[in-house]
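For reference, the structure discussed in these notes is given below.
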Amino acid sequence: MENLFDLDYTRWNDIFMFSIPALINVGIFLYISIFLPQKKTNNSFSIFVLMIGLWQIAEGFMRMSHTAETAFEWAKISGIFLLLMFPLGIVFILYFSKWQKKISSNFLFLLLFAPTFFFFIVCY
């Protein structure tokens, strides 16, 4: 972890390719969190978009790494956001389509987040 920020900051193409979409996603998260009503649909979408933005930042730092060890550490961090991105996207879809009423929240947790936490524990 001591070499986590051993990055090559001269790769401007890589910096722009990950930072612009990540800033857009974080901006969407902030806009939804501050200006829109706090509904479950809005909150689930904002958290989903935040995970996408954090994943893009971690992927960009992985590509800017000087050493393979630093890239591996960023790949592990990126994997955490990737593991959370898919269930959060499905939760948003369920709230948006109003199907969350048809599925109990306990079953939803077991179906989506239990495998995510299992893979997190096993892989990291």
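The values are calculated or read from the model by the stated rules, or taken from the named source; none is laboratory data. It should be emphasised that the depicted structure is a prediction, and the values quoted were computed from it without experimental measurement. Methodologically, a virtual Cβ is constructed for each residue, glycine included, from the backbone with ideal geometry; neighbour enumeration extends over all protein chains shown.
Can you find a residue in segment 85-95 that is part of a loop (DSSP other than H, G, I, E, B) and closer than 27 Å to G27 by Cβ? So that I can check it myself, show each step before the final result.
The initial filter retains those residues of segment 85-95 that are part of a loop (DSSP other than H, G, I, E, B), namely none.
No.
If you check F118, F81, which single one turns out to be of a type in the set (A, V, I, L, M, F, W, C), within 27 Å of I24 (Cβ to Cβ), modelled with pLDDT of 85 or more and not in a loop (DSSP other than H, G, I, E, B)?
Testing whether each residue is of a type in the set (A, V, I, L, M, F, W, C), within 27 Å of I24 (Cβ to Cβ), modelled with pLDDT of 85 or more and not in a loop (DSSP other than H, G, I, E, B) leaves just F81.
Give segment 61-70 a look and list any residue that's in contact with a Phe, Trp or Tyr (Cβ under 9 Å, 6 or more places away or on another chain) and either without any contact (Cβ under 8 Å) to a residue 24 or more places away in the chain or over 19 Å from N13 (Cα atoms) (or both), or say none.
Looking only at segment 61-70, we keep the residues that are in contact with a Phe, Trp or Tyr (Cβ under 9 Å, 6 or more places away or on another chain), and these are 61-65, 70.
Once the filter is applied, which keeps residues that are in contact with a Phe, Trp or Tyr (Cβ under 9 Å, 6 or more places away or on another chain) and either without any contact (Cβ under 8 Å) to a residue 24 or more places away in the chain or over 19 Å from N13 (Cα atoms) (or both), segment 61-70 yields M62, T70.
Answer yes if at least one residue in segment 52-60 is surrounded by fewer than 17 Cβ atoms within 10 Å (Cβ to Cβ), of a type in the set (A, V, I, L, M, F, W, C) and farther than 14 Å from I15 by Cβ, and no otherwise.
Within segment 52-60, not a single residue is surrounded by fewer than 17 Cβ atoms within 10 Å (Cβ to Cβ), of a type in the set (A, V, I, L, M, F, W, C) and farther than 14 Å from I15 by Cβ.
I'd like to check something: does segment 36-43 contain any residue that is in a helix (DSSP H, G or I), in contact (Cβ under 8 Å) with a residue 12 or more places away in the chain and crowded, with 17+ Cβ neighbours inside 10 Å?
Yes, some residue in segment 36-43 is in a helix (DSSP H, G or I), in contact (Cβ under 8 Å) with a residue 12 or more places away in the chain and crowded, with 17+ Cβ neighbours inside 10 Å.
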